[in-house]
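This report concerns only the one structure given below.
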Amino acid sequence: MRGWILGLAAALTLAAPAWAQSPTYHFIHSDDPVLDANAYLLTLIAADPAALKVMRENPAIGLIGDRLAQTRAELLKTCRAGPTCPVDQLMLPDRDVAAAVTALEPLAQPGGPLNRLVREQMRPSGRFQKYADLDDGHMFSSAFAETARGVNRLFRVYADGDKPRYPAIDSISYPPNDPHLRQIERESVEASTDPTPTTTPLTPWFRVAFDLLTANQRDEAARYEPLEAGENAKAFARAKALNWKAKPYTAIVVPGAGTEEGETHVSPVGAFRDRLAVQRWREGKAPFLLVSGGHAHPNKTAFAEAIEMKHDLMAHYGVPADAIVIDPYARHTTTNLRNAVRLLFRMGAPMDRPVLITTSQDQSFSIELPSFATRNKAELGYEPMTGYRRLTPFDVSGVPNLTSLHADPSDPLDP
């Protein structure tokens, strides 16, 4: 009996990579890194011959494509004839999204043409972690519906001027009827059916949506990719041979702070947080300083908080590059913590060990408040870390939550 149990355990262990996220997963890349960051499912479909075949030949998808083609033809007449180009007409209505979900879900179940994509790409990527407990079909359909909502939202915010999640730093760059924007939109609609090896009936819908981000100069989601081969290359290389149990914490997470009028590069608050964190690092609390903060404040600033804090750590304190990990995307405390979890997971850090969060007192104490948990659940749907422990007025520890790996298409500047 004992031998049978051990054999079953071994079989389950071997099967695990097909079902679980993997730190060694190699991401697929297209010609559009912003699309890859925001709508990874679309990238996966374009790279999978079986999935492309389904999207091109499935009758339900074909009907949606026919309606989309008709809408595009009528839209082009409007765009060419006058000063308006209402590209939001290309959004997929709820009925079409529901029809696609109904048609594709069974094809992603075991034995279906989409199942390999789910098992070999979606699950180990971690990008769909909220749906990890669902069966293969429901994981695919849930991810497709979420992706569709995110793509449609790009039209609402970056064509129509609807308020994004964070209006002060995420909003449209032009008035909705700006002539320059409308010209770009018209040209995008014109080119949206240019044939490529990955074209499907749905291509005009999402191609125009992501052109809107380009038109608004909103490439923040992928501006520094690939991080593992760029700014974080030395730290990731060092992590491969690291004994993660040698230090009390896997990293010292240092949230950034945006510059105010008259300030450049690292903000005074960011510099103060660097100084506190270096002291902890020199005391041997963790092998890495993980600085987190993107192009957040003021709107469209040229300075990424994490990049500037890394320069500060190296220039003023002599911290080597292989001891610094940057997250140049986060714009709020919620995503400071979420993105730190993602980076540590990709580095191979044990997810059951705590991180140390070192920051200003006001931010540090806010992390423990019930209001912060409420905000996380409202904006992310979960808490990126749990088990917080107060250590000093500037330091609190937390344990990573793997749900943080899930990409959020509703937040296109930092999904």
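The values are calculated or read from the model by the stated rules, or taken from the named source; none is laboratory data. Computed from a predicted structure; not experimentally measured. Neighbour counts run over all protein chains shown; Cβ positions are idealised from the backbone, glycine included.
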How many residues, within the range 230-247, are of a type in the set (Gly, Ala, Ser), crowded, with 21+ Cβ neighbours inside 10 Å and either in a loop (DSSP other than H, G, I, E, B) or touching a strand residue (DSSP E or B) at 6+ places or on another chain (Cβ under 6 Å) (or both)?
-> 1
Quickly run through the range 165-190 and pick out the residues that are over 16 Å from Thr214 (Cβ atoms) and either of a type in the set (D, E, K, R) or without any contact (Cβ under 8 Å) to a residue 12 or more places away in the chain (or both).
-> Arg165, Pro167
Answer with yes or no whether Ile169 is more than 15 Å from Gly150 (Cα to Cα), assigned by TED's automatic domain parsing to the domain that holds Thr71, more than 18 Å from the chain's Cα centre (by Cα) and buried (at least 17 other Cβ atoms within 10 Å of the Cβ).
-> no
On the given criteria, is Gln109 under 17 Å from His138 (Cα atoms), among the polar types (S, T, N, Q) and touching a residue at least 12 places away in the same chain (Cβ under 8 Å)?
-> yes
If you check Gly293 against the conditions, is it out of contact with any strand residue (DSSP E or B) (no Cβ under 6 Å at 6 or more places or on another chain), farther than 16 Å from His406 by Cβ, buried (at least 19 other Cβ atoms within 10 Å of the Cβ) and touching a residue at least 40 places away in the same chain (Cβ under 8 Å)?
-> yes
Take the range 113-124 and flag every residue that is buried (at least 19 other Cβ atoms within 10 Å of the Cβ) and either touching a Leu at 6+ places or on another chain (Cβ under 9 Å) or of a type in the set (D, E, K, R) (or both).
-> Leu114, Leu117, Gln121, Met122, Arg123
Residue check, Val254 assigned by TED's automatic domain parsing to the domain that holds Ile61 and in contact with a Lys or Arg (Cβ under 9 Å, 6 or more places away or on another chain) = no
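Table: residues versus (1) crowded, with 22+ Cβ neighbours inside 10 Å; (2) without any contact (Cβ under 8 Å) to a residue 24 or more places away in the chain; (3) not aromatic (Phe, Trp, Tyr).
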| site | (1), (2), (3) |
| --- | --- |
| Ile252 | yes, no, yes |
| Gly284 | no, no, yes |
| Met309 | yes, no, yes |
| Tyr329 | yes, no, no |
| Thr333 | no, no, yes |
Right, Glu228: under 30 Å from Arg346 (Cβ atoms), touching a residue at least 12 places away in the same chain (Cβ under 8 Å), in contact with a Phe, Trp or Tyr (Cβ under 6 Å, 6 or more places away or on another chain) and among the acidic types (Asp, Glu) or not?
-> yes
Of residues in the range 250-301 being closer than 18 Å to Ala315 by Cβ and acidic (Asp, Glu), the one farthest from the chain's Cα centre (by Cα) | Glu263
Of everything in the range 377-396 that's crowded, with 21+ Cβ neighbours inside 10 Å and not in a loop (DSSP other than H, G, I, E, B), which residue is farthest from the chain's Cα centre (by Cα)?
-> Val396
Among the candidates Arg127, Arg149, residue that is within 18 Å of the chain's Cα centre (by Cα), surrounded by fewer than 17 Cβ atoms within 10 Å (Cβ to Cβ), assigned by TED's automatic domain parsing to the domain that holds Ala51 and under 26 Å from Ala221 (Cα atoms) = Arg149
Consider Leu154 carefully, then state whether it is part of a loop (DSSP other than H, G, I, E, B) and modelled with pLDDT of 95 or more.
-> no
From the options Leu202, Leu227, residue that is under 14 Å from Ala39 (Cα atoms), among the aliphatic types (A, V, I, L, M) and surrounded by fewer than 22 Cβ atoms within 10 Å (Cβ to Cβ) = Leu202
Counted residues in the range 205-223 being buried (at least 16 other Cβ atoms within 10 Å of the Cβ) and polar (S, T, N, Q) come to 1
The range 87-99, residues that are out of contact with any Ser or Thr (no Cβ under 7 Å at 6 or more places or on another chain) and in contact (Cβ under 8 Å) with a residue 60 or more places away in the chain = Val87, Asp88, Met91, Leu92
